[in-house]
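Enquirer: Dropping the structure in here first, questions after.
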Amino acid sequence: MKFSLVAAAAFALTADAHCIFQELSVNGAKQGSLAGIRAPNDNNPVYDVTSQDIICQKQGTTSSKVISVTPGDKLGAFFGHVIGGAQFANDPDNPIAKSHKGPVTAWLAKVDNAATASKTGLKWFKIWEDTFDTSSKQWGVDHMIANQGWVNFSLPTCIAPGDYLMRVEVLALHSAKMANGAQFYMSCAQIKVGGSGTFTPSTTVSFPGAYQKSDPSIVVNIYGLTGQPDNAGKAYAAPGNVPVIQC
């Protein structure tokens, strides 16, 4: 019985450490909670990279809003422990537990109508990433936590006009030394890009398909000889070996 209670408590603490991408900002202007966002109904991660859930998470909240953006805009993706941010006052796991080290990436896929397009069968390309800084020993997640849940990046200036789904992903690697231990957190924002960009990606990937279960960036021990999550001082490449586009 004692073991069961301890195990149950450990599970609860682990579950409490999760997060949800739930709001977009454009040049600092917050668009509203879940506005233009396809988000899950809970903060549990995706473990199976071959699942349809690896695209935009489990089917949950939907929105009819499409958010207008322009190439070069500064975009912000807000991750919170639960919808609204903190689960309770002084929540230590908001936006996510500090132990959940890993990279953050952002992707686009062109669609006919961002509000109604299916998430399946799309061709994705990476527009930004924050992986691991070997000098500071800081992960993308560390920067997200320091920014109170906001992941900020600029929309590349060359993106062609049209509707897109924008997928922003946090990958937590604290338990990734075992198969199916990596935790993926993502939602998809519905955006309409203006301007006169002409970029057409020469290489795209599919979700699922971009990541393999045995990818050395997914099954990885990020703890060095001292037990710190410093990847033993080595550089880290985000899963799939997909480069960020260059305008």
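Enquirer: In sequence order, what are the phi-derived ³J(HN,Hα) couplings for region 135-147 according to the Karplus relation 6.51 cos²θ - 1.76 cosθ + 1.60 with θ = phi - 60°, rounded to whole Hz, with x for glycine and proline?
Expert: Listing the rounded values in order: 7, 8, 6, 9, 9, x, 5, 4, 5, 4, 5, 4, 8 Hz.
Enquirer: Suppose we keep just the alpha-carbon trace of region 16-143; what are its Rg and Dmax in angstrom?
Expert: Both quantities, over Cα of region 16-143: 15.2, 43 Å.
Enquirer: Shifting gears a bit: Along Cα→Cβ, 7 Å out, is where each label goes; now give me the distance between the ones at Lys177 and Thr50 in nm to one decimal.
Expert: 2.6 nm
Enquirer: Looking only at Cα atoms, what is the convex hull volume of region 107-221 per residue, in Å³? Show your work: numbers first, answer last.
Expert: Values: hull volume 15.2 nm³, N = 115.
Dividing the Cα hull volume of region 107-221 by its residues yields 132 Å³.
Enquirer: Nothing charged except the Cβ atoms of Lys and Arg (+1) and of Asp and Glu (-1): what's the magnitude of the dipole of the chain about its Cα centre? Round to the nearest 20 debye. Let's see the in-between values first.
Expert: Details: 18 positive and 17 negative charges, 47 e Å.
In total the dipole reaches around 220 debye.
Enquirer: If the viscosity is 0.890 mPa s and the temperature 25 °C, what Stokes-Einstein diffusion coefficient in µm²/s follows for the chain when Rh is the Kirkwood radius over Cα pairs?
Expert: Value of D from the Cα-based Kirkwood radius: 134 µm²/s.
Enquirer: Residue by residue, what Karplus-based ³J(HN,Hα) values in Hz, rounded to whole numbers, does region 47-63 have, using 6.51, -1.76 and 1.60 with θ = phi - 60° and x for Gly and Pro?
Expert: Calculated HN-Hα couplings, in order: 9, 8, 6, 8, 7, 4, 5, 6, 6, 10, 6, 5, 4, x, 6, 10, 9 Hz.
Enquirer: Sticking with this one: Report, for the chain, the % of DSSP beta bridges that are antiparallel, rounded to 5.
Expert: 90 percent
Enquirer: Just to confirm the number: angle between the C-alpha axis of helix 2-15 and the first principal axis of the chain, 0 to 90 degrees, nearest 10?
Expert: The two axes meet at around 20 degrees.
Enquirer: In addition: Using only Cα atoms, what Kirkwood radius does region 162-226 have, in angstroms?
Expert: Value: 14.6 Å, from the Cα pair sum.
Enquirer: With runs of 4+ DSSP H residues as the only contributors, calculate the mean residue ellipticity of the chain at 222 nm using -39,500 (n - 2.57) per run, divided by the residue total and rounded to the nearest 500.
Expert: -3000 deg cm²/dmol
Enquirer: Evaluate the distance, in nm, between pseudo-label points positioned 7 Å from the Cα of Ser154 and of Ala86 along their respective Cα→Cβ axes.
Expert: Label-label distance for Ser154 and Ala86, simple model: 3.4 nm.
Enquirer: What ranking, highest mean first, results for peptides 136-144, 169-177, 113-121 when packing means the other Cβ atoms within 10 Å averaged over each residue? List each step's numbers first, then the result.
Expert: Numbers: 136-144: 20.1, 169-177: 22.1, 113-121: 14.2.
The peptides rank, most packed first, as 169-177, 136-144, 113-121.
Enquirer: In percent, what relative contact order does the chain have, based on Cα pairs under 8 Å that are 6 or more apart in sequence?
Expert: That works out to 24 percent.
Enquirer: Per residue of region 154-168, in order, report the coupling 6.51 cos²θ - 1.76 cosθ + 1.60 (Karplus, θ = phi - 60°) as ³J(HN,Hα) in whole Hz, putting x for Gly and Pro.
Expert: 9, 5, x, 5, 9, 4, 6, x, x, 8, 9, 9, 10, 9, 10
Enquirer: Please flag any cysteine in the chain that has no other cysteine's Cβ under 4.7 angstrom from its own Cβ.
Expert: So, Cys19.
Enquirer: How far apart, in nm, are two points set 7 Å out from the Cα along the Cα-to-Cβ line at Thr120 and at Asn27?
Expert: Result: 3.9 nm between the two label points.
No value in this document is a laboratory result; all are computed from the given coordinates. On a predicted model such as this, the values are computed, not experimentally measured, just so you know. When we count neighbours, we look across all protein chains shown, and the Cβ atoms used for this are built from the backbone with ideal geometry, even at glycine.
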